[in-house]
Amino acid sequence: MNQLYLALQHVIQSRRTIKPPKMNGAQIPEEEIKEILTLADWAPTHGNTEPWRFVVYAGEKVKEFCLAHAELYREHTAPDKFMDLKYEKLLHMGDEASHVIVAYMRRGDLPKIPALEEIAATSCAIQNLLLGATALGIASYWGSGGMAYHPAMKDMLALREEDTVLGILYLGYSDSPAPSGKRIVSFEEKVRWM
């Protein structure tokens, strides 16, 4: 195997989800955030629509985002369904993260491109970002909980009806070793050779 393949294999197989409370609060240099966002920009895209978009929160803006996210939950959850514990979790989710990035698909102007392909392209961009973070020793968490998929989040971000939030990315550093990887379903069960 050539060295480039081995390096790529190592990064892909090393990427792990590190939950934000396991991060240590250290700040990622802004230049490294720009670098991994640049990697995201090289995702495949049908019709060159480049539908991926990112809203980046850094410094005190991380806490502001988490407060706004928690308040969205309070405002849009029926009193009988509201849980204080969930509110507190959303409020403090970014306490130890360096950056929070909301990733969304901005629907292109080519109606012949199915929305599914735009979502897939944006997901590829997110994966590029996560792999870049791994290569730089940055811990990452791709969250979809809370209000991520709720229309209120789109309103908060001033998105259009046809746009789709794909997740909230928490980035930081962690002192904890990354967990070992595992696959539940065997490789042979996932591939059919014809």
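Numbers below:
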read-out	value
Aspartates and glutamates whose Cα lies under 20 Å from that of Lys112, excluding same-chain neighbours fewer than 8 positions away	Glu50, Glu161, Glu162, Asp163
Within the accessible area of the stretch 1-90 (1.4 Å probe), percent carbon and sulfur	57 percent
Cα gyration tensor shape for the stretch 14-73, rounded if a/c is under 1.5, else prolate or oblate	prolate
Karplus-derived 3J(HN,Hα), 6.51/-1.76/1.60, for each residue of the stretch 111-123, Hz, glycine and proline x	x, 5, 7, x, 4, 4, 5, 5, 5, 4, 4, 5, 5
Correct choice for Cα extents along the principal axes in Å that was computed from the model, options (i) 56, 47, 38; (ii) 66, 30, 24; (iii) 45, 39, 27	(i)
Magnitude of the charge dipole, the chain, Cβ model with Lys/Arg +1 and Asp/Glu -1, debye to 20	620 debye
The chain - mean residue ellipticity at 222 nm from DSSP helices (-39,500 (n - 2.57) per run, n ≥ 4, rounded to 500)	-12500 deg cm²/dmol
Of the trypsin sites (Lys or Arg not before Pro) in the stretch 111-194, those whose Cβ has at most 12 other Cβ within 10 Å and which sit in DSSP loop	Lys112, Arg160, Lys182, Arg183, Arg192
Charge-dipole axis of the stretch 114-166 as Lys and Arg at +1 and Asp and Glu at -1 on Cβ define it, positive-most pick from Leu129, Ala115, His150	Leu129
Whole-Hz couplings from phi, Karplus 6.51/-1.76/1.60, listed for the stretch 155-160; x for Gly and Pro	5, 4, 8, 6, 8, 8
Residue among Trp52, Trp142, Trp42 with the largest mean-square fluctuation in a Gaussian network model of the chain, springs linking Cα atoms under 10 Å	Trp42
Partners for Lys89 among aspartates and glutamates (Cα-Cα distance below 19 Å; same-chain residues under 8 apart left out)	Glu60, Glu64, Glu71, Glu75, Asp80
Highest-fluctuation residue, Thr45, Thr77, Thr122 considered, GNM on the chain with Cα pairs under 10 Å	Thr77
For the stretch 45-55, Karplus couplings with θ = phi - 60° (6.51, -1.76, 1.60), whole Hz, Gly/Pro x	8, 6, x, 6, 6, 6, x, 6, 9, 9, 10
Fraction in percent of alpha-carbon pairs per bin - 5 Å, the stretch 1-100	2, 10, 13, 16, 17, 15, 12, 8, 4, 2, 1, 0
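The values are calculated or read from the model by the stated rules, or taken from the named source; none is laboratory data. Everything quoted here is computed from the prediction, not taken from an experiment. Cβ sites come from the backbone with ideal geometry, for glycine too, and all protein chains shown count toward neighbours. These area figures cover heavy atoms from the full protein model, side chains too; ligands, DNA and RNA do not enter into them. Shrake-Rupley method; radii C 1.70, N 1.55, O 1.52, S 1.80 Å.
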